[in-house]
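Down below is the structure, laid out as structure tokens.
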There are 2 protein chains.
Amino acid sequence: MKFRVEQSDKVSKARAGELKTPHGRVKTPIFMPVGTQGTVKTLTPLELRENGVQIILGNTYHLYLRPGDLLIAQSGGLHNFMQWSGPILTDSGGFQVFSLSDLRKIDPDGVRFQSHLDGSHHKFTPQKVIDIQRNLGSDIMMVLDECTPHPCSYEYAANSTQLTIDWARQAREYWQDNNDVHGHQQALFAIVQGSVYNDLREKSVLALIDLDFPGYAIGGLAVGEPAGKRNTITGFCTDFLPFDKPRYLMGVGTPQDILDAVERGVDMFDCVIPTRNARNGTVFTTEGKLVIKAGQFKDDQQPLDAECTCYACKTFSRAYIRHLFNANEILGLRLATVHNIHFYMWLVGEAYNRIKSGEFLMWKEELVGKWQQTGERKQETGIRI
Amino acid sequence: MKFRVEQSDKVSKARAGELKTPHGRVKTPIFMPVGTQGTVKTLTPLELRENGVQIILGNTYHLYLRPGDLLIAQSGGLHNFMQWSGPILTDSGGFQVFSLSDLRKIDPDGVRFQSHLDGSHHKFTPQKVIDIQRNLGSDIMMVLDECTPHPCSYEYAANSTQLTIDWARQAREYWQDNNDVHGHQQALFAIVQGSVYNDLREKSVLALIDLDFPGYAIGGLAVGEPAGKRNTITGFCTDFLPFDKPRYLMGVGTPQDILDAVERGVDMFDCVIPTRNARNGTVFTTEGKLVIKAGQFKDDQQPLDAECTCYACKTFSRAYIRHLFNANEILGLRLATVHNIHFYMWLVGEAYNRIKSGEFLMWKEELVGKWQQTGERKQETGIRI
């Protein structure tokens, strides 16, 4: 994997860059739609392409439990199984162990848990999650970490941060000593932890930099902390992270959250918000959010977003899409998802363009100002599943 | 609307023909996917086209209640509302009044009922359902009828058949005295009733022929009667129906049901089986049915149907589609629906070709023989919603 910063913004820390993976190039800043169970919910791989998606995320925890990483390996890896030919990043599964599974218990060498599906017993170690991600064949693998909750005591965070560093060291060694399964190289990213404590974040970043990973994620955010706190910590971490390596803010977020983090030097994002909110009938537009079920759209013949060129906006009226939601029709979920993914890809693509042309902050302020006027402030914080 | 029989089969009553509507030509025999609430469930209009759909069915009862025929009229009619530019047939809503609504009561002039959605009170008359279908702007409208249940006493069927004839007369007069709303002509089909009683069926057909409609449907079947009985009544009716008018068997059916009726001279079909069964994970293939969730497909790398050219079969393995169903992913419902609709359109298209080339019965027997070997006999009878 290769990463190159093409252009740095002069008035902020924003960067426009390119990530080269075995399955193609990705322009950064980039948003990665979440394909939890081997599909970005409601969409085909063709629709992902048509809407500008360059790289998707797969959830190791879910795929390991169902259909199983061995079955996916037998199917030629996740790319072949789901017929997505572009790059894939897989998480380590650690986040879902902590958020979804039952009876999880952390040992120094890994974490034991029971499946949320059938109660079966499993253990993830730094090595085991590499093995699983080898079977999946993702372009970018993530190390096993503990994502601390919010709020989190200093003592707990300190111990956890050290654990995540130890696991990262083991993961890196195991990654270097083991080969790929599917004939292409797989990069490994480390994850900075440390909760809301600057000294722990600094310790975490420095230790991980010392291990020299191909890329670095900022974890432990988008877990309920205020946006201001998240921005401060993000900026604190990117001040330390190496300039020439990609930076990935895990689980973020709303359109404004993403722009706030781009401004602070983050390159990569993933979040369920565009897809999950779409299925709840909330669509993002250049003018702000729409709750499409609202009565005001009953006979509205306009598209969701007059400036949007997605299939939903080119073809259907708000009145029709509102009807689909009120009638519980799956096509409604599809159209809102197509639109939101198109919007998110437009957002990061435009961020790239504006960084290149030196207008990033001006453009961002204008866009965010419009959203705040239309109530965008009220929208929820990034949520991971 | 114009209809022309292009070719009659020499050894059966099957016919290949063409129906000319204000929104395009339709080759018959034809299957009309059901778009109950302004969408063929899970699919876009583009996908309907891509999979060979020529005409769809809309449900007047559902669209009248939600979003309302006036709203659809304001949106430029059902074609414009749902962005389907091909022909549309709408039913009269009568069937759903009898199967879905509460507290229905038949008067000589129509039927009163309460909405299954909110309990609100409504009345459908032969005239009212024409008004609604004028607002929807379908290419083919259906008269209000009473679809008798199975089993049904002779006395009940006799009275009901007379009622349906009376309503058809009123509908025809009203249709001729009133204009379209959306600038294109709308045909009106009558519906033959009479339950399982030959003399009532004969009386019904002769009375309706006397009124001279542009097309004739056979109703009151696919309501639980044995397939043999359905075939007998269908053949009895088509013996009386005019050769030069299209014949539509309402609510039928499975692939074999359709071929049985084509053999007996039926031209048009609608049924929820391909779409509903798809969402339950049952797919139709040239070799018979597959229940895709079955364990035998766990690591099956073949497509659903090796002979099929639909997007699902060209792209994905049975193992992947099975996983989608097991993981409750909407993409699974979509792919199975795409496949089943493609299969049904292949089936009627091939019936047309084989009638034209004089091989219909031979082809049918071979195909049905294959299905029966693989358990096709066990599949359920046609169901309407």
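Where helices (runs of 4 or more DSSP H) fall entirely within segment A:210-306, those with at least 2 residues that are hydroxyl-bearing (Ser, Thr, Tyr) and away from every other protein chain (no Cβ under 14 Å) are at A:227-240.
The set of residues from segment A:38-53 being buried (at least 22 other Cβ atoms within 10 Å of the Cβ) and touching a residue at least 12 places away in the same chain (Cβ under 8 Å) comprises A:38, A:39, A:40, A:42, A:43, A:48, A:51, A:53. The residues of segment A:366-383 that are exposed (fewer than 12 other Cβ atoms within 10 Å of the Cβ) and either more than 21 Å from residue A:31 (Cβ to Cβ) or at pLDDT 85 or above (or both), listed by number, are A:366, A:369, A:373, A:375, A:378.
So how many residues does segment B:142-182 have that are of a type outside the set (A, V, I, L, M, F, W, C) and in contact with a Gly (Cβ under 9 Å, 6 or more places away or on another chain)? Here the count works out to 11.
Residues of segment A:149-167 include none that is within 21 Å of the chain's Cα centre (by Cα), part of a helix (DSSP H, G or I) and among the aliphatic types (A, V, I, L, M). Looking only at segment A:13-55, residues that are within 14 Å of chain B (Cβ to nearest Cβ) and β-branched (Val, Ile, Thr) come to 6 in all.
Filtering segment A:307-319 to residues that are of a type in the set (S, T, N, Q) and within 11 Å of chain B (Cβ to nearest Cβ) leaves A:315, A:317.
Give segment A:134-172 a look and list any residue that's of a type outside the set (A, V, I, L, M, F, W, C) and farther than 19 Å from residue A:193 by Cβ, or say none.
A:134, A:135, A:137, A:138, A:139
Between B:305, B:270, B:300, which is within 30 Å of residue B:161 (Cα to Cα) and either modelled with pLDDT under 95 or not polar (S, T, N, Q) (or both)? I'd like the intermediate steps shown before the answer.
Numbers: B:305 fails: within 30 Å of residue B:161 (Cα to Cα); B:300 fails: within 30 Å of residue B:161 (Cα to Cα).
It is B:270.
Looking at segment A:74-120, the strands (runs of 3 or more DSSP E) lying wholly inside it that each contain 1 or more residues that are among the aromatic types (Phe, Trp, Tyr) sit at A:110-114. Are any of the residues in segment A:86-95 surrounded by fewer than 24 Cβ atoms within 10 Å (Cβ to Cβ) and either without any contact (Cβ under 8 Å) to a residue 24 or more places away in the chain or out of contact with any strand residue (DSSP E or B) (no Cβ under 8 Å at 6 or more places or on another chain) (or both)? No: zero hits. Against the list (1) in a loop (DSSP other than H, G, I, E, B); (2) among the hydroxyl-bearing types (Ser, Thr, Tyr); (3) over 14 Å from the mean Cα position of the chain (by Cα), the condition residue A:61 fails is (1). Among the residues of segment A:320-343, those that are facing chain B (nearest Cβ under 7 Å), part of a helix (DSSP H, G or I) and in contact with a Ser or Thr (Cβ under 6 Å, 6 or more places away or on another chain) comprise A:330, A:331, A:333.
The values are calculated or read from the model by the stated rules, or taken from the named source; none is laboratory data. The model shown is predicted, which means the values in this text are computed figures rather than measured ones. Here the Cβ is made from the backbone with ideal geometry for all residues, glycine too, and neighbour counts use every protein chain on show.
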